[in-house]
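This report refers to the structure that appears directly beneath it.
Bear in mind that the values in this text are calculations on the coordinates, not laboratory data. As the structure is a computational prediction, the values presented were derived from the model and not from experiment.
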Amino acid sequence: MTSKFLRLFLAAAVLPAISALAQTGSAATPSAPSASSAPAASAPAPTPITGTKVGAINIEGAIFGSNEGRREVEALQKKFEPKQNELKNQNDELEGLKKQLTTQQDKLNADALDTLKKQIETKQKQLDRSVQDAQEDFGSQQQEIASKVLTKLAPIVVKYAQDNGFGLVIDTSKPWPQGPVLLAGDAFDITKPVIDIFNTQSGVAAPTSGAAAKPAAPKPSTGSSTAKPTPK
């Protein structure tokens, strides 16, 4: 499941990226040209968005559902496998101490019991910190992937809208009420055709896993890092 951090990034990034590409005017020109300046060849103006149809696209789904997005996320997940294993080992060690506390607390003297509880508390803090650092690192690199893919994807969305008569395309990445779109039927959705065009233009083969990438920050594979030791 995609992190909230990535969702916030996408919401901030996609609108300026697509709206900038959809601009019909060029940069402002001086009010009066210099007498010594030679006439410059004018670049063709981009096709304006003049359609009347309304479309919907899951930008987040398009980014990470594309072959390139899937490939990049799978590579990122593989890169974080050692960290995943490290977190699992930390978690297993912590769970072992908690189990020891549960089964032996009536048999330990006060000093041994206090030492064990302090060990659990210390290792709990270490694990929580390690998980937080890993999530932030993973999220940052995941954000870089999204930004890179979006740069290539945004022009395709604009051109698809121009070529197919769409005057408005809404992003459905965030479900209501987190996002503004309450309902958007399949007939309005252009996510798949945009992904298909992007895959063809990028030339990136589909990952061998076959499934769409689902970016998620690393976390311990078993147990819980939030369980607390039994109080005195």
- Shape of segment 83-141, Cα gyration tensor, a/c cut at 1.5: prolate
- Note on the structure: Here segment 149-165 yields Karplus 3J(HN,Hα) values (6.51, -1.76, 1.60; θ = phi - 60°; whole Hz; Gly and Pro given as x) of 5, 4, 4, 7, 7, 4, x, 5, 4, 4, 5, 4, 5, 5, 6, 10, x
- Message: If amide hydrogens are placed 1.01 Å from N in the peptide plane, which non-local residues have theirs closer than 5 Å to the one on Gly55?
- Response: Leu168, Val169, Ile170
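Given the pairs Lys78/Lys174; Lys125/Lys148; Lys88/Lys192; Lys88/Lys117; Lys148/Lys192, which are separated by over 31 angstrom at their Cα positions? All intermediate terms of the calculation are to be shown ahead of the outcome.
Details: Lys78/Lys174 27 Å; Lys125/Lys148 35 Å; Lys88/Lys192 37 Å; Lys88/Lys117 21 Å; Lys148/Lys192 19 Å.
In this structure, Lys125/Lys148; Lys88/Lys192 exceed 31 Å between Cα atoms.
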- Provide the gained length on full extension for the span Gln178 to Asp163, in nm with one decimal, where the gain is 0.36 nm per separating residue minus the Cα-Cα distance. 2.3 nm
